[in-house]
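K.L.:
Next up is a structure, given as structure tokens.
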């Protein structure tokens, strides 16, 4: 695969939501930096990528992924290397990894180890999200100021919500002092012990313990009340119920610095996917109802929910090939998210391409505090992190072809449209769709010459 720092992307539809650019033209990259954006042909004797019929976008960002490293438990197969390969294959040039690792990301040493591993892998940019509490146990507040100073871009106990209100208040205060952001996994544990899927008739018929929708809304509303007098930047992860959209809408109307995200599976799948004890559909928070999907889409359309994030959660196959109650929560998403978002939002008339790409570039960069690095935007003088998208590429999702170590995907066999065919990080091609993984039409659109 070519690796270069001088590159010309020519003839594509250039979309940069941050600046409002939406034009056909060329993008010239030299020494890892964007040096020219032109609606006419750039004159440069460098390697050229023909992008006619494709979208040239800022590199996509996913601020909610699980890369499972460090992992001294030996329970997981995903690593920063495999997760980064999955990211660039899906068009994501930057990802933010969650702290539910072993050991947890609750000290400077672990943050630095992730930075070192990322540099060694040298694929996607990976930023650590550090713990709110030591060991993610919800009891003792982690050294938040030190974690942020060492390079953690956000604080979260993701995988668990912080149940103790006093602990949560202290964390919000420290996050505000550090000018960071807290990312909450909204789940009241007292309501979800032993729960396996959305509470409702199907859970009852399958003999499974139901997960009440109130578990999400209650924690979200508590946090927003606590934060009124603190004013920390607060981000609600993977919203799944209509009531949460309402709570976030009200908080934003009050002027709170609160944001929220939606994931592909909560935009396309209902709890009916769990029928016949389909463990690939077991996620946290669980798949809900069609009415909840409609409410989340409404929240996106009106700007209440401003971030799209996959919650990429790889698991070894054996943890899914068991009874539903015992199976692991989560599904992989990095390599198929883009066309799934397209199906849910563009094809359904909720957003157009510029608006959807804003939710995958400039807005998540702002939420994660990465805008100052030039990430999430395509501008002269900025880092050459770029994604080339063929919006019309038709393909079938096949987890066996994933770069991720995870195969736990409920979208297996789904025919989709839209694909990242080139991912450039710091001016270097980190992924290019070629050979047996592409069609001739895609090869024509992303041929380096």
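The values are calculated or read from the model by the stated rules, or taken from the named source; none is laboratory data. As the structure is a computational prediction, the values presented were derived from the model and not from experiment. A quick note on method: Cβ atoms are made from the backbone with ideal geometry, for glycine too, and the neighbour counts reach across all protein chains shown.
K.L.:
Quick check on my filter: what residues within region 200-211 are within 25 Å of residue 246 (Cα to Cα) and in contact with a helix residue (DSSP H, G or I) (Cβ under 9 Å, 6 or more places away or on another chain)?
P.N.:
Those that are within 25 Å of residue 246 (Cα to Cα) and in contact with a helix residue (DSSP H, G or I) (Cβ under 9 Å, 6 or more places away or on another chain): 200, 210, 211.
K.L.:
Another one. Kindly indicate which of 203, 195 is surrounded by fewer than 22 Cβ atoms within 10 Å (Cβ to Cβ), in contact with a strand residue (DSSP E or B) (Cβ under 8 Å, 6 or more places away or on another chain) and part of a loop (DSSP other than H, G, I, E, B).
P.N.:
Details: 203 fails: part of a loop (DSSP other than H, G, I, E, B).
So the residue among 203, 195 that is surrounded by fewer than 22 Cβ atoms within 10 Å (Cβ to Cβ), in contact with a strand residue (DSSP E or B) (Cβ under 8 Å, 6 or more places away or on another chain) and part of a loop (DSSP other than H, G, I, E, B) is 195.
K.L.:
For residue 14, only one of the following conditions fails: (1) on the phi > 0 side of the Ramachandran plot; (2) not assigned by TED's automatic domain parsing to the domain that holds residue 330. What is its number?
P.N.:
Every condition holds for residue 14 apart from (1).
K.L.:
So, one more: Which one is surrounded by the most Cβ atoms within 10 Å (Cβ to Cβ) among residues in region 9-33 that are out of contact with any helix residue (DSSP H, G or I) (no Cβ under 7 Å at 6 or more places or on another chain) and not in a strand (DSSP E or B)? Write out each step before concluding.
P.N.:
As a first pass, look at region 9-33 and keep what is out of contact with any helix residue (DSSP H, G or I) (no Cβ under 7 Å at 6 or more places or on another chain): 9-14, 16, 19-21, 23-33.
When the remaining residues are screened for being not in a strand (DSSP E or B), the result is 19-20, 31-32.
Working: 19: 13, 20: 8, 31: 10, 32: 17.
Step by step, filter region 9-33, then rank; the result is 32.
K.L.:
Let me ask something else about it. For region 328-342, give me each residue that is under 16 Å from the mean Cα position of the chain (by Cα) and either surrounded by fewer than 23 Cβ atoms within 10 Å (Cβ to Cβ) or farther than 17 Å from residue 394 by Cα (or both). Write out each step before concluding.
P.N.:
The initial filter retains those residues of region 328-342 that are under 16 Å from the mean Cα position of the chain (by Cα), namely 330-342.
330, 331, 332, 333, 334, 342 - these are the residues of region 328-342 that are under 16 Å from the mean Cα position of the chain (by Cα) and either surrounded by fewer than 23 Cβ atoms within 10 Å (Cβ to Cβ) or farther than 17 Å from residue 394 by Cα (or both).
K.L.:
Quick one: how many residues across region 343-373 are within 15 Å of the chain's Cα centre (by Cα) and within 20 Å of residue 22 (Cβ to Cβ)?
P.N.:
Of the residues in region 343-373, 11 are within 15 Å of the chain's Cα centre (by Cα) and within 20 Å of residue 22 (Cβ to Cβ).
K.L.:
Could you grab me the full set of residues in region 72-89 that are over 20 Å from residue 151 (Cβ atoms) and touching a strand residue (DSSP E or B) at 6+ places or on another chain (Cβ under 6 Å)?
P.N.:
The first filter runs over region 72-89 and keeps only residues over 20 Å from residue 151 (Cβ atoms), leaving 72-78, 82, 85-86, 88-89.
72, 73, 88, 89, listed by residue number.
K.L.:
Could you count how many residues in region 276-319 are closer than 25 Å to residue 94 by Cβ, in contact (Cβ under 8 Å) with a residue 60 or more places away in the chain and not in a strand (DSSP E or B)?
P.N.:
Summing the residues that are closer than 25 Å to residue 94 by Cβ, in contact (Cβ under 8 Å) with a residue 60 or more places away in the chain and not in a strand (DSSP E or B) in region 276-319 gives 11.
K.L.:
Taking residue 394 as meeting all but one of (1) farther than 23 Å from residue 27 by Cα; (2) in contact with a strand residue (DSSP E or B) (Cβ under 9 Å, 6 or more places away or on another chain); (3) in a loop (DSSP other than H, G, I, E, B), write down the number of the exception.
P.N.:
The single condition residue 394 does not satisfy is (3).
K.L.:
While we're on this one: Condition check: surrounded by fewer than 20 Cβ atoms within 10 Å (Cβ to Cβ), in contact with a strand residue (DSSP E or B) (Cβ under 7 Å, 6 or more places away or on another chain), free of Cβ contacts under 8 Å to residues at least 24 places away in the same chain and farther than 30 Å from residue 278 by Cβ. Does residue 382 satisfy that? Break it down into steps so the answer makes sense when it comes.
P.N.:
Working: surrounded by fewer than 20 Cβ atoms within 10 Å (Cβ to Cβ): yes; in contact with a strand residue (DSSP E or B) (Cβ under 7 Å, 6 or more places away or on another chain): yes; free of Cβ contacts under 8 Å to residues at least 24 places away in the same chain: no; farther than 30 Å from residue 278 by Cβ: yes.
When the stated conditions are applied, residue 382 does not pass them.
K.L.:
Would you be able to tell me the number of residues in region 221-243 that are under 24 Å from residue 342 (Cβ atoms) and part of a helix (DSSP H, G or I)?
P.N.:
Matching residues across region 221-243 total 1.
K.L.:
Of the numbered conditions (1) in the same structural domain as residue 127 (by TED's automatic domain parsing); (2) more than 18 Å from the chain's Cα centre (by Cα), residue 390 satisfies every one except a single condition; which is it?
P.N.:
(1)
K.L.:
Quick one: in region 212-238, which of the residues that are more than 24 Å from residue 364 (Cβ to Cβ) and out of contact with any helix residue (DSSP H, G or I) (no Cβ under 8 Å at 6 or more places or on another chain) is surrounded by the fewest Cβ atoms within 10 Å (Cβ to Cβ)?
P.N.:
Taking the candidates together, the pick is 229.
K.L.:
Going by what's in this entry, would residue 173 be described as part of a loop (DSSP other than H, G, I, E, B) and in contact (Cβ under 8 Å) with a residue 24 or more places away in the chain?
P.N.:
Details: part of a loop (DSSP other than H, G, I, E, B): no; in contact (Cβ under 8 Å) with a residue 24 or more places away in the chain: yes.
For residue 173, the condition - part of a loop (DSSP other than H, G, I, E, B) and in contact (Cβ under 8 Å) with a residue 24 or more places away in the chain - is not met.
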